[in-house]
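Written out below as structure tokens is the structure these notes cover.
Nothing in this text is a laboratory measurement; each read-out follows from the coordinates by a stated rule. These figures come from a predicted structure and were not determined experimentally. A quick note on method: Cβ atoms are made from the backbone with ideal geometry, for glycine too, and the neighbour counts reach across all protein chains shown.
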Amino acid sequence: MSILRLNGMVLLAVALGIAACSRGKVGPTKGASSDDPSAQIPGAIVVDFKDGTTKAEFDAWEKDWGIDLEFNSIEGPQDGVTIAVGVEDIEGVLTKIRAHPAVEAAEPLKRYQATFTPNDPDFPKQWNLRQIRMPEAWERSRGKGAVVAVLDTGIAYDDYQSFRMVPDLKGIKFVKGYNFVADDEHPNDDHGHGTHVAGTIAQATNNKEGVAGIAFEAALMPLKVLDQSGMGVSADIADAIRFATDHGANVINMSLGGGGYSRVIERAVAYARKKGVTVVCAAGNTGVGQVAYPAAYAGAVAVSAVGPSGKRAVYSSFGKELDIAAPGGDKRAGPEGGILQNTIDRRNPSQSVYESFQGTSMATAHVSGVAALLYAKGAKTPDEVEQALFDGATPVDGKEWSEEYGHGLLNADESLKLIGRSTTVADWRPFLVAAALLVLVLLTLGARQRPGYLNILFSPAFFIPLLLATVGVFFARWAFGGATGAVASAVDFASLPIPDWQRIIFGRGRLANPLFYSALIPLVGSIFAVGWRGLRPVVAGLAIGFAGFLSYAAWARSPGLAYLPFNFLALPWLIANAVLCVFVARAMLKKGAGR
Amino acid sequence: MKLTGTVSLRDLEGGIWVLEGDDGRTYEIVGGDRRLRTKGQRIQVEGEVDAGAASLAMVGPVLKVKSYRPLR
């Protein structure tokens, strides 16, 4: 028995260790790739000798270092640049090499990702585009073929009466829009806000004029729903959402909010989403923990704003419906902290100006621009776009989700990398937590009541429910990725862990259903298992799986739960239910062994 | 309804005129003339809150000004 117990402790330690390691990986791997565009190539170094150093010379020296150097190119004999691969102790070897008098420099070999630096003269002032990694992202997509509808004060997109197109939108593609305020076909901007937002999404770029925009090869659809004072009514907004959807928009940008809940707008957003359109909205500028409508509707992506430091701007609203953070500017230290675009002078709409704005509207435009890039890169549905946006976002403070930043800070490059990947990588961390909890449960059982560790794990009746509750059928997408119709739905279900089936049933809202994220399913199972002993291993696997899933969700603070009046209740809810699951599992395992 | 407060220009979305109400709330000002829009001015407003209006400001309830008078 003592040996068994010891084995148990070792297993527990290993499981916890693996879980901890894999948890630790999230920050650094994501962080490293987003902080540094260059990546070190494993086992490779570059050594720069004094000019004119010959191969015979360094061939003699390299024996002491235990590596094999070669000239990097035909330039080698002149510039002395050499490389070596398969180096094991890189830092140790480099220290030795650097001590050699003929060595000018020696360092790990890095791969530089291609970046695109537009020639727009004020591009260097656009910290916001570097913050969301546009120079790398532009190498992957520039938005060609995507259509973004801008529901705002209009756009300075053509010359009509006294209206003039702003110079830095010349060459950008526009599709037919509409003016819902005046009910005519001239959605020209008489305010300046809409043109600024449109500029962030698709300012003419690499045109030696002004500034850059995100999806400058995408088409813009100007829809005027806000009047000269920046106000609009729900009927116009709902009509414009449906107009955009029916006229081929992929993305709807709504840098507007307020007016409270509107069933008419909510239905229009749901309609757009059903037709494959991603709806992106501003969280609001009140600076308090309440997301404004329409951002708060389940079908919309809610965006908060950050400044150059990456911290939430004081004016930005936040809350439990928040999805993602993006640069909105912070001008407290000066106008250079704002978002610079070409727009019109508010007092003279025919006059072009470059102005630095701040607000969650600006942040929203960044997300819409990146959504357009994702459609251009091959994304078909809002689910796909949102998943790429959220999974690609850089977590803030190590949290997978928070009220201030949602899934993190927008990262165009990482999100674009996620499009076109046929398999979604299953997350094994909940499974590892479940395994650790299983060991704990078994340790608390007396020798007579306890089933063997391996007997349990290798019994399909136990193991399969455990797997389904923590990772789902992890190979389903890989095996049946191209399926459509009913088969595709089945694949969707199978590839999600059971608690996340609520996403399919209740739609992919941002908040999890607390009944699925609870002990309810294992508890109901345990009632049936009272009468039917054969069900006990199944319920035990399910319960320990749920315990692992809920514990992991609590640990990662992801995601928020629906219906709970206060967000801080989510954590105790998850923990209490995880504990409940552990007790269900223990009861099931105990009786199963007592047979 | 009558409201008193201080007029202020918020540097948001290109510039938003608000009334920092003595009730602790921030109202987006719609209507009124140019003289109303004086930074730091204390005023009493006769107007109504338009609960159904959406706007690009998103700073709080929209206050439609019917008339106002400066306070000293």
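Worth a mention:
- Rg/Rh ratio calculated on Cα atoms of segment A:123-415 (Kirkwood radius): 0.93
- Helix runs (DSSP H) in chain A reaching 30 Å along axis by Cα, Kyte-Doolittle at least 0.0: A:2-35, A:570-594
- Förster radius 56 Å - calculated FRET efficiency between residue A:576 and residue A:98, Cβ distance, rounded to 0.05: 0.45
- Net charge over other residues, Cβ less than 12 angstrom from the Cβ of residue A:271 (K, R count +1; D, E count -1): +2
- Tail fraction, Cα-Cα pairs, chain A, threshold 45 Å, whole percent: 31
- Filter on A:320/A:399; A:176/A:208; A:176/A:275; A:125/A:176; A:331/A:377 - keep pairs with C-alpha separation over 24 Å: A:176/A:208; A:125/A:176; A:331/A:377
- Cα-only radius of gyration and Dmax that characterise segment B:2-70, units Å: 10.7, 28
- For residue A:207, the residues whose modelled amide H falls within less than 5 Å of its own, excluding neighbours fewer than 5 places apart on the same chain, are A:119, A:120.
- Spread of Cα-to-Cα distances over 10 Å intervals beginning at zero, given as percent, for segment A:39-112: 21, 60, 19, 0
- The helix-based estimate of mean residue ellipticity at 222 nm for chain A, built from -39,500 (n - 2.57) per DSSP H run of four or more residues and divided by its residue count, is -12500 deg cm²/dmol to the nearest 500.
- Here segment B:2-70 carries DSSP beta bridges of which approximately 90% are antiparallel, counting only pairs with both residues inside.
- Residue-by-residue Karplus 3J(HN,Hα) for segment A:333-341, coefficients 6.51, -1.76, 1.60, Hz, glycine and proline x: 8, x, x, 5, x, x, 9, 9, 9
- Net charge of Cβ neighbours under 15 Å - reference residue A:104; Lys, Arg +1; Asp, Glu -1: -4
- Look at A:331, A:275 and count the other Cβ atoms within 10 Å of each Cβ; fewest to most, that gives A:275, A:331.
- For B:26, A:444, order by how many other beta-carbon atoms lie within 10 Å, fewest first: A:444, B:26
- Over segment A:119-232, volume per residue of the alpha carbon convex hull, in Å³: 100
- Charged side chains reduced to their Cβ positions (Lys and Arg at +1, Asp and Glu at -1) give chain A a dipole of some 3260 debye around its Cα centre.
- Taking 14 Å as the cut-off, no amide N atom of segment A:439-463 comes nearer than this to a point 7 Å along the Cα-to-beta-carbon line of residue A:533.
- Relative contact order (%) - chain A, alpha-carbon pairs under 8 angstrom, separation at least six: 12
- Calculated diffusion of segment A:163-287, Stokes-Einstein form, Kirkwood radius summed over Cα pairs, 25 °C and 0.890 mPa s, µm²/s: 162
- Antiparallel DSSP beta bridges within chain A, as percent of all bridges there, nearest 5: 50
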